[in-house]
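Novice: Take a look at the following structure, please.
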Amino acid sequence: MERSKRNIKNRLFRASVILAVLAIVFSVPATINAEESARLETSYKCGLTVKPYEPEDSQLTANTVIDIYLVATASKDKGYDSYSYTLTSAFSSLDLTKSWDEVAEAAGAIFFNNYATLAKVADGVDAGTEIQNLEWGLYLVVARGKELENYIVERKDVKVTLSQTSTQNFYYAPSLVSLPTKIREPGEGEANTADPTPWIYNPTIILKPEIEDRYGDLIIIKELNSYKVDEEVTFAFYVTYDEPGVIVAEGAEAKKIKKVFNLNFKNKASSSVTVKHLPAGTKVSVEEFYNGLTYKLAEGEITEKETTIIADQAVTVTFVNEYVPSENGGYGILNTFQNSGSGWKMVPKKDSSDPVEEAEEVTEE
């Protein structure tokens, strides 16, 4: 008799640990749009909807899709309002008596080591779409980018899956969910098989990824149609763009970031300077404001050009100049700006033509 009681207790413990997944993994309560029953009904099939925070959430524009894998089947315990699991062969090494975090981590490791050969119960279902006709069981939920071939990446030394928009990356950890399940309202603790709350057969769970902005580079290219041998000349540029990460009130103007970059020439027809790590999607204005005394923009060229930063790429703007004979040289005095502690001041500076990653920020008058 004692052995029988212990077996029943173990089965109930297993189920109650797994049912806590929605509170532990997803951190927010599921929204219930589901068939419910006070006691387990073996005739009911299950469904699952995995969605972003809101319908307009940018995770949808990231073409996020859902794969699910069956970790264990579930069978109702005779005479009890609970069920027990039978692990599938692919996940047979899991120990369901361990803590939830340990089980989830171990299941995720199996996925990352075997994802190419693991059988999927659902493959590439659009986020927010219900996955129907699921058998009772324990499932591993994997979110990923639909168009990404290499969607498994390392993030802070941990393997995760990835989806992305043109401006942001979304990182997901594989998550476990048990069907059917019980869910409590916020502040009511974790659900378990002894709860008087109803069984839920098709819950909706919310994706909570880690979000990271994407960046790209800007290359300013200077070309000379003609130049004077052995003459040194400096070209200087303003790079201007809206301050990133700031929400601008309706009708207000965004604060501008303005930086100075320069290129020095001697006996060469082209050179470039690289502005690194600009937020993807940023519209950038590049203005050539100094080109020495002996050079002018070539015919058809304009002093200011605009471009948009593309993630993980380098966009270019090109200015073409030509030599104009003059008695005065064009090298050398580039007005840079330094903060002395009491304010910004102009400092004459001769700079190199090597690529520059950062420049002093200046304030528009």
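The values are calculated or read from the model by the stated rules, or taken from the named source; none is laboratory data. The structure displayed is predicted, hence computed values, not measured ones. Methodologically, a virtual Cβ is constructed for each residue, glycine included, from the backbone with ideal geometry; neighbour enumeration extends over all protein chains shown.
Novice: Here is a list: 254, 269, 314. Which entry is in contact (Cβ under 8 Å) with a residue 40 or more places away in the chain and either out of contact with any Gly (no Cβ under 8 Å at 6 or more places or on another chain) or surrounded by 17 or more Cβ atoms within 10 Å (Cβ to Cβ) (or both)?
Specialist: Details: 254 fails: in contact (Cβ under 8 Å) with a residue 40 or more places away in the chain; 314 fails: either out of contact with any Gly (no Cβ under 8 Å at 6 or more places or on another chain) or surrounded by 17 or more Cβ atoms within 10 Å (Cβ to Cβ) (or both).
On inspection, the qualifying residue turns out to be 269.
Novice: For the range 115-152, how many residues meet the condition of being in contact with an Asp or Glu (Cβ under 8 Å, 6 or more places away or on another chain) and either part of a helix (DSSP H, G or I) or over 20 Å from residue 209 (Cα atoms) (or both)?
Specialist: Going through the range 115-152 one residue at a time, the tally reaches 2.
Novice: Quick one: in the range 186-215, of everything that is within 30 Å of residue 308 (Cβ to Cβ) and crowded, with 20+ Cβ neighbours inside 10 Å, which residue is modelled with the highest pLDDT?
Specialist: Looking only at the range 186-215, we keep the residues that are within 30 Å of residue 308 (Cβ to Cβ), and these are 207-215.
Of the ones still in play, those that are also crowded, with 20+ Cβ neighbours inside 10 Å are 207, 209.
Working: 207: 87, 209: 91.
Among residues in the range 186-215 that are within 30 Å of residue 308 (Cβ to Cβ) and crowded, with 20+ Cβ neighbours inside 10 Å, the one modelled with the highest pLDDT is 209.
Novice: Check residue 84 against each of (1) surrounded by 15 or more Cβ atoms within 10 Å (Cβ to Cβ); (2) closer than 19 Å to residue 205 by Cβ and name the one condition it does not meet.
Specialist: For residue 84, the exception is condition (2).
Novice: So, in the range 42-95, of the ones that are more than 30 Å from residue 165 (Cα to Cα) and basic (Lys, Arg), which residue ends up farthest from the chain's Cα centre (by Cα)? Give the steps one after another, and end with the answer.
Specialist: Residues of the range 42-95 more than 30 Å from residue 165 (Cα to Cα): 42-46, 71-95.
So of that shortlist, the ones also basic (Lys, Arg) come out as 45, 76, 78.
Numbers: 45: 34, 76: 40, 78: 46 Å.
That would be 78.
Novice: Something else about it: Go through the range 311-328 and report how many residues are assigned to a strand (DSSP E or B) and within 23 Å of residue 266 (Cβ to Cβ).
Specialist: So in the range 311-328, the residues assigned to a strand (DSSP E or B) come out as 314-323.
Next, from what is left, pick out any that are within 23 Å of residue 266 (Cβ to Cβ): 316-323.
The number of residues fulfilling the criteria is 8.
Novice: For the range 253-310, what are the residues that are in a loop (DSSP other than H, G, I, E, B), among the hydrophobic types (A, V, I, L, M, F, W, C) and under 25 Å from the mean Cα position of the chain (by Cα)?
Specialist: Of all residues in the range 253-310, those in a loop (DSSP other than H, G, I, E, B) come to 253-255, 267-269, 280-282, 291-294, 298-303, 309-310.
Then keep just the ones that are among the hydrophobic types (A, V, I, L, M, F, W, C); that gives 254, 269, 280, 293, 298, 302, 309-310.
Of everything in the range 253-310, those that are in a loop (DSSP other than H, G, I, E, B), among the hydrophobic types (A, V, I, L, M, F, W, C) and under 25 Å from the mean Cα position of the chain (by Cα) turn out to be 254, 280, 309, 310.
Novice: Something else about it: Looking at the range 29-46, can you tell me whether even one residue there is part of a loop (DSSP other than H, G, I, E, B), among the β-branched types (Val, Ile, Thr) and at pLDDT below 90? Break it down into steps so the answer makes sense when it comes.
Specialist: Initially, the range 29-46 is screened for residues part of a loop (DSSP other than H, G, I, E, B), giving 29-30, 33-35, 38-45.
Now drop any that are not among the β-branched types (Val, Ile, Thr), which leaves 42.
If we keep only those that are at pLDDT below 90 too, we end up with 42.
Taking every residue of the range 29-46 in turn, at least one turns out to be part of a loop (DSSP other than H, G, I, E, B), among the β-branched types (Val, Ile, Thr) and at pLDDT below 90.
Novice: Among the residues of the range 83-114, what is the count of those that are in a loop (DSSP other than H, G, I, E, B) and modelled with pLDDT of 95 or more? Give the derivation first.
Specialist: Keep residues of the range 83-114 that are in a loop (DSSP other than H, G, I, E, B), which gives 88, 92-99.
Filter once more, keeping what is modelled with pLDDT of 95 or more: 88, 92-95.
Adding up the residues that qualify gives 5.
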